[in-house]
1. Answer yes or no: is there a residue in the range 69-78 that is within 23 Å of residue 110 (Cβ to Cβ), at pLDDT 90 or above and outside any strand (DSSP E or B).
2. Given the options 91, 123, 118, name the one that is among the charged types (D, E, K, R), farther than 14 Å from residue 152 by Cα, out of contact with any Phe, Trp or Tyr (no Cβ under 8 Å at 6 or more places or on another chain) and in a loop (DSSP other than H, G, I, E, B).
3. List the strands (runs of 3 or more DSSP E) that sit entirely inside the range 7-56 and contain at least 1 residues that are small (Gly, Ala, Ser) and surrounded by 14 or more Cβ atoms within 10 Å (Cβ to Cβ).
4. Going by the conditions given, is residue 36 modelled with pLDDT under 90 and within 14 Å of residue 94 (Cα to Cα)?
5. Tally up the residues in the range 94-115 that are assigned to a strand (DSSP E or B) and at pLDDT 90 or above, please.
6. Are there any pairs with C-beta distances below 6 angstrom linking a residue in the range 43-57 that is at positive phi to a residue that is at pLDDT 95 or above, with the two at least 6 apart or on different chains, and if so which?
Amino acid sequence: MASDLERRQLEFFADVYNSVNEPTIISFKHDKFQESPDAICTLSNDEKKAIELTSVGAPKGSSARKTPHKNPDLSPLVRILNRKLSYDYREEGVSGVWLLVHMRLTLPRDMVEEAVSEIIIPERFEKIFLEWPIPFDASSHDQNININILELPTLKHWSPNLPKPSH
């Protein structure tokens, strides 16, 4: 079952995805008995995609946890990707499987690309989305959320600039 946090991550991802992609995500289905995948999304062209969510942060107790921008350790990302990609999340009536990985690290794009360059993506995964925040610029009075998305296996990169939520 998708937790409240996972539901918020799905909604945010849909906003980000829809700002730069067609067909758009129009809905998610996640019921209380559904474990894997975390949700099924319906696109505006009526295709259905299984979505598995996961997140990556610096290991507990590491110096990277306190200063991830200064001490980037991407080994947890590689371990989680290799583990998640070993599972099969396909379901009947679903035309593809997407993996959404939320990273709490503010890192340059080239560093992330280098970390995942050796990852072998099984054919059963249509897309993998790596999502992480762009470093915050305190001098900017920007009222937007800045985020990086790296779409694998194509290495397509997008940085949507969305308004911050009002709550």
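The values are calculated or read from the model by the stated rules, or taken from the named source; none is laboratory data. Please read these numbers as outputs of a predicted model, since none were measured by experiment. Here Cβ is always computed from backbone atoms with ideal geometry, including for glycine, and neighbour counts include all displayed protein chains.
1. We begin by selecting, within the range 69-78, every residue within 23 Å of residue 110 (Cβ to Cβ); these are 69-78.
Within this subset, residues satisfying the condition of being at pLDDT 90 or above are 78.
Of the ones still in play, those that are also outside any strand (DSSP E or B) are 78.
Yes - at least one qualifying residue is present in the range 69-78.
2. Working: 123 fails: farther than 14 Å from residue 152 by Cα; 118 fails: farther than 14 Å from residue 152 by Cα.
One residue alone meets the criteria, 91.
3. Working: elements: 25-29, 39-43, 48-56.
Of the strands (runs of 3 or more DSSP E) lying wholly inside the range 7-56, those with at least 1 residues that are small (Gly, Ala, Ser) and surrounded by 14 or more Cβ atoms within 10 Å (Cβ to Cβ) span 39-43, 48-56.
4. On the way: modelled with pLDDT under 90: yes; within 14 Å of residue 94 (Cα to Cα): yes.
Judged against the criteria, residue 36 is a match.
5. Applying the first criterion (assigned to a strand (DSSP E or B)) to the range 94-115 yields 96-103.
Still in the list and also at pLDDT 90 or above: 96-102.
Summing the residues that are assigned to a strand (DSSP E or B) and at pLDDT 90 or above in the range 94-115 gives 7.
6. none
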